Amino acid sequence: MVLEATMICIDNSEWMRNGDYAPSRFQAQADAVNLICGAKTQSNPENTVGVMTMAGKGVRVLVTPTSDLGKILACMHGLEVGAEANLSAAIQVAQLALKHRQNKRQQQRIIAFIGSPVKYDKKVLETIGKKLKKNNVSLDIVDFGETDDEKPEKLEALVTAVNSSDSSHIVHVPPGENALSDVLISTPIFTGEEGGSGFAASAAAAAATGAAGFEFDVDPNVDPELALALRLSMEEERARQEAIAKKAAEESSGAENKDHASSSNTDSVMAEAEPASNATADDKKDQPKDDDDAHLLQQALAMSMEEGSSGAASVADAAMAEAAVDDQDLALALQMSVQDASISSQSDMSKVFEDRSFVTSILSSLPGVDPNDPSVKDLLASLHGQGEVCISLLFFVEDCYIKILVVLCLCVFLHLLFSFMLKGFVFLLETAKLSYLLWKLNSFTRRQGYGYG
Amino acid sequence: MACLHDHSCEDHNCAADWSLFNHIDVPKVVALNESVAGSAKSVFKPWEQRLDTSGGFLESNEGDPELLVFIPFTSDVKVKSISVVGGPDGTSPSRMRAFINREGIDFSDAQNMQPVQEWELAENLRGVLEYQTRYSRFQGVANLTLHFPDNFGGDATKIYYIGLRGEATQNKRDVVATIVYEIMPNPSDHKTKSETGGGFSHVE
């Protein structure tokens, strides 16, 4: 909670066009700057952050130290990349900007991103450092981008010259897979001397544990019921997996054991993947489905390698458990989808609907529907294809609320069936068909004089 | 113990005169160009301990004799005189410039600004010398900044003790200093269920 005024010096020289830090060095810097601003203003609302460039059109201050994040984010747009970075002038200008800060009680800090080669020699840098130390300004350096033999040493010398009681730091970030901001999160530049504000510490924890974060990505403090449900269903699923694996191991013998186990694993993986896609569709309907599926597929495959963790399945199970509480037929449909998927990944859902008795059983479970009603029987007889069965279901369900749920379930149904297997085109086709039939329903309903429930 | 007064110290307790020490807000004392961060606070002690260096002393960085000491008070004071005990072998400060009620002075400001008063110092190893102020200019002092631009030729400047003599009034110049402003609502003060547990929090 140190009260601080910070000036961030951005390197927007020609060397920043390089793409060795995804997506480009300059973009990685911009992300890191945003994160730093957020962290600083979070740790103390009276902290101020300013931004300036070291290259491009020249050393200029884009934003004087302010606590307004919006201004800082806005100024990062439309920055041109070019020319050479002028480190000593930049530090002098930063010092000046800090000297004229509004709140004299704030500590002064400069954070410099240095990605281009350093053309000054050590002596000059040390004098710069001493001047900063004399005026009680701390300096943090992010050394990334270009590496030549002397750059790390020079920058270390600079930081040593500035450092008093460990308030200045230097971080060397080699190019690699991790984004610049991810690497910086765990450094003292973010966490500060005391070892963390809430923001920085939690961000560091999230980054450190990777995708897992909290177990099942749900914070037990935020939503204890959901976390509990997820944990229970995970244990359930694990027990089921063990039962399957055990049965598979018992049935076959010798060399076949492995194959069977792996195939049952793949089946269960498919079962996991489909409920997973089911759950994600339930939760986030507006996200691009293809990306979800590809990601889930990878996840499922990875899980089958690990042979045990079934996080996706647990999420699905939890979603299913919640759905069951809400509505019986929804649960029934979901259960059906899981079972069918585990039977064979090539199952054709139209076969299921053609099974008259099954459809009748579904209809009878819906409130407000009498399967012996002659009009129902007539409609059933004239139907073929699952789209029209959907319409029949909707037509006879008087309660609007249930209708919505049924539509939802059937959309999900179609999604997992077609987008998972036939990827897109047929799904669109079915959606078009469905919407046409819905329109037909509306006109039919209106004609019949049925009010909307 | 020689004293500037025309009496011997056994009769009269000199320490009482240097009572402004009690009104110095020691935690908020700041020095620029000190080699050890926080050592400026050790320079303010009772009169009897002025030659006692066990608590540390204020030393400037190697090769740079300039020092700047910022002294805030807990209430407004009137400063009558100042005493400075320096180090041996040319490390004592040779000049002193004083500024009143200015926060956030740094070296470039101090060198360019006209001080309220300026003194030529002598080496004062025993702490017997004191430097009178123009009292009319030192009424109602909420904080005092002392700038020591050079010394007697040593590599660094050492100061063992700074004593202030004067009167304390009960006034406080800066009453609003104790109020906490909320420039931006701090989410941690208004915890809602969804925001506990960390992650990115947005304040619009």
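The values are calculated or read from the model by the stated rules, or taken from the named source; none is laboratory data. Fair warning: this is a prediction, and the values are worked out from it, not measured in the lab. Because the Cβ atoms are built from the backbone with ideal geometry, glycine has one as well, and the counts that use them run over all protein chains shown. Areas reflect the complete protein model, heavy atoms only, side chains present, ligands, DNA and RNA absent. Shrake-Rupley method; radii C 1.70, N 1.55, O 1.52, S 1.80 Å.
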**OP:** Filter the cross-link list A:Lys131/B:Lys45; B:Lys41/B:Lys78; A:Lys57/A:Lys123; A:Lys40/A:Lys154; A:Lys104/A:Lys134 down to pairs whose alpha-carbon distance in this structure exceeds 23 Å.
**Re:** A:Lys131/B:Lys45; A:Lys57/A:Lys123; A:Lys40/A:Lys154
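Please give me, ordered by residue number, the GluC sites (Glu not before Pro) of segment A:90-169 that lie in loop per DSSP and have at most 16 other Cβ atoms within 10 Å.
On the way: sites: A:Glu126, A:Glu146, A:Glu150, A:Glu153, A:Glu156; in loops: A:Glu146, A:Glu150.
In loop regions of segment A:90-169 (DSSP not H, G, I, E or B), the sparsely surrounded GluC sites (Glu not before Pro) are A:Glu150.
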Original post:
From the Cα gyration tensor of segment B:101-155, with a ≥ b ≥ c the square roots of its eigenvalues, which class applies: rounded if a/c is under 1.5, or else prolate if a/b is larger than b/c, or else oblate?
Top reply: oblate
**OP:** Determine how large the accessible area of B:Ser75 is when every protein chain is in place; take a 1.4 Å probe and give Å² rounded to the nearest 10.
**Re:** 10 Å²
**OP:** State the answer as a single residue: which of A:Leu69, A:Met1, A:Gln108 lies farthest towards the positive end of the charge dipole of segment A:1-142, with beta carbon charges of +1 for Lys and Arg and -1 for Asp and Glu, about the Cα centre.
**Re:** A:Gln108
**OP:** For the B and A pair, go ahead and give the buried accessible area with a 1.4 Å probe, both sides summed, in Å² to 100.
**Re:** 2000 Å²
Original post:
Given the protein chains as shown and a 1.4 Å probe, how many square angstrom of B:His23 are accessible, to the nearest 10?
Top reply: 50 Å²
Subject >> Loop-located GluC sites (Glu not before Pro) in segment A:13-86, at most 14 other Cβ atoms within 10 Å (DSSP) >> reply: A:Glu80
Original post:
What is the calculated FRET efficiency for A:Val426 to A:Arg446, with r their C-beta to C-beta distance and R₀ = 25 Å, to the nearest 0.05?
Top reply: 0.25
**OP:** Report the label-to-label distance for B:Asp89 and A:Arg17 in nanometres (one decimal), using points 7 Å from each Cα along the Cα→Cβ vector.
**Re:** 5.8 nm
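In segment B:104-167, what trypsin sites (Lys or Arg not before Pro) fall in a loop by DSSP, with at most 14 other Cβ atoms inside 10 Å?
Working: sites: B:Arg126, B:Arg134, B:Arg137, B:Lys158, B:Arg165; in loops: B:Arg126, B:Arg134.
Those that pass, being in a loop and sparsely packed, are B:Arg126, B:Arg134.
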Original post:
For segment A:1-143, which whole-number percentage of the solvent-accessible area (1.4 Å probe, protein heavy atoms only) is attributable to carbon and sulfur atoms?
Top reply: 53 percent
**OP:** Order the following by accessible area, largest value first: A:Ile128, B:Ile162. Probe radius 1.4 Å; ligands, DNA and RNA are ignored.
**Re:** A:Ile128, B:Ile162
Subject >> Inter-label distance for A:Thr160 and A:Glu80, nm, one decimal - labels placed 7 Å from Cα along Cα-to-Cβ >> reply: 4.0 nm
Original post:
How big is the gap, in Å, between the Cα center of segment A:70-103 and the Cα center of segment B:102-170?
Top reply: 36 Å
Subject >> In nm, spacing of pseudo-spin labels at A:Glu250 and B:Ile183 (7 Å Cα→C-beta vector) >> reply: 7.0 nm
**OP:** Keeping all protein chains in position, work out how much accessible area B:Met184 exposes to a 1.4 Å probe, and write it in Å² to the nearest 10.
**Re:** 50 Å²
**OP:** Taking all protein chains together and a probe of 1.4 Å, list A:Met1, A:Met76, A:Met7, B:Met113 from the most accessible to the least accessible.
**Re:** A:Met1, B:Met113, A:Met76, A:Met7
